[in-house]
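Peer 1: The structure under discussion is supplied below as structure tokens; questions concerning it will follow.
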Amino acid sequence: MGLLKGKIALVTGASRGIGKAIAIKFAQEGADIAFTARSESEHFLDTVAQVTALGVRCKGYTSDASDFKQTHELVEQVMADFGRIDILVNNAGVTRDGLLMRMSEDQWDEILSVNLKSAFNFTHAVVPVMARQRSGSIINMTSIVGISGNAGQCNYAASKAGMIGFAKSIAKEMGSRGIRVNCIAPGFVETEMTGVLPEEVRQGWIKMIALRRSATPEDIANVALFLGSDLSGYVTGQTIVVDGGM
């Protein structure tokens, strides 16, 4: 359909899972893709291969998303390579689950740094670019637990809730410049992160879902496509829950 033809998308954490699905979906709709990952792994190279096969430009970059200086240098390089940035997807994230009373300071700091600070870093670097263009869409990949909370994930839930408050604030700051900022809050998604859960835990989650199935990364990518395209031209400051009615 070419909903993103002529656009440049920067997707963080796109070597696997939801980020990779978004990069591929955007490429299918005509966008050129810049993406980040922590290392140049097999998954990294596979994302490059799959996106390039769709006939668009693609370049992967390795960086630490939680590092402010590295992030800004990376965005400068993306601008040198592609000339503009129309869509930013803040998808980079990790989990370090544990009950509060057993959680270490490092477990807390790492999650807030990788999940929340990375969104600040990339948004801080990209907003001046989009402001000059007077257009842009920023999509934060948050989580249903950022809205509802979840025992054993206070660090993760706090980071994801923070991304929602951050997005709502930046939407108000940058709306006059034509920049839209929204969040996607997935529920239970079949990824490598959830694939390590015991089967009985997975089935317990699925029983709570109205549609009686977990989401695929492609389900989330479809919503990202809506938010990245002009179809959502009057949508900003919103959090779209994609949880199958959980």
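Peer 1: List the helices (runs of 4 or more DSSP H) inside the stretch 119-211, counting only whole elements, that have at least 1 residues being basic (K, R).
Peer 2: On the way: elements: 145-148, 154-174, 192-195, 199-207.
So the answer is 154-174, 199-207.
Peer 1: Please go through the stretch 230-246 and pick out each residue that is small (G, A, S) and either closer than 15 Å to G19 by Cβ or surrounded by 20 or more Cβ atoms within 10 Å (Cβ to Cβ) (or both). Quick ask: steps written out before the conclusion?
Peer 2: Residues of the stretch 230-246 that are small (G, A, S), as a first pass: 232-233, 237, 244-245.
The answer is none; no residue qualifies.
Peer 1: If I filter the stretch 17-37 for residues that are without any contact (Cβ under 8 Å) to a residue 60 or more places away in the chain, polar (S, T, N, Q), surrounded by fewer than 23 Cβ atoms within 10 Å (Cβ to Cβ) and over 22 Å from R134 (Cα atoms), do I get at least one hit?
Peer 2: yes
Peer 1: For the stretch 93-109, indicate whether the set of residues that are closer than 23 Å to F226 by Cβ, in contact with a strand residue (DSSP E or B) (Cβ under 9 Å, 6 or more places away or on another chain) and buried (at least 24 other Cβ atoms within 10 Å of the Cβ) is non-empty.
Peer 2: yes
Peer 1: Of the residues in the stretch 199-227, how many are farther than 18 Å from N90 by Cα and either among the basic types (K, R) or at pLDDT 95 or above (or both)? Explain how you work it out, then say what you get.
Peer 2: Filtering the stretch 199-227 down to residues farther than 18 Å from N90 by Cα leaves 199-216.
Checking the rest, the ones that are also either among the basic types (K, R) or at pLDDT 95 or above (or both) come to 202, 207, 212-213.
Matching residues across the stretch 199-227 total 4.
Peer 1: Now, a different point. Are any residues in the stretch 106-129 under 13 Å from G93 (Cβ atoms) and among the acidic types (D, E), and if so, which ones?
Peer 2: If the condition is that a residue be under 13 Å from G93 (Cβ atoms) and among the acidic types (D, E), then E110 is the only one that fits.
Peer 1: Which is closer than 24 Å to A171 by Cβ, at pLDDT 95 or above and charged (D, E, K, R), of D230, D243?
Peer 2: Going through D230, D243 in turn, the sole match is D230.
The values are calculated or read from the model by the stated rules, or taken from the named source; none is laboratory data. Predicted, not measured: the structure shown is a model, and the values here were computed from it. Note: ideal-geometry Cβ built from the backbone for every residue, glycine included; neighbour counts use all protein chains shown.
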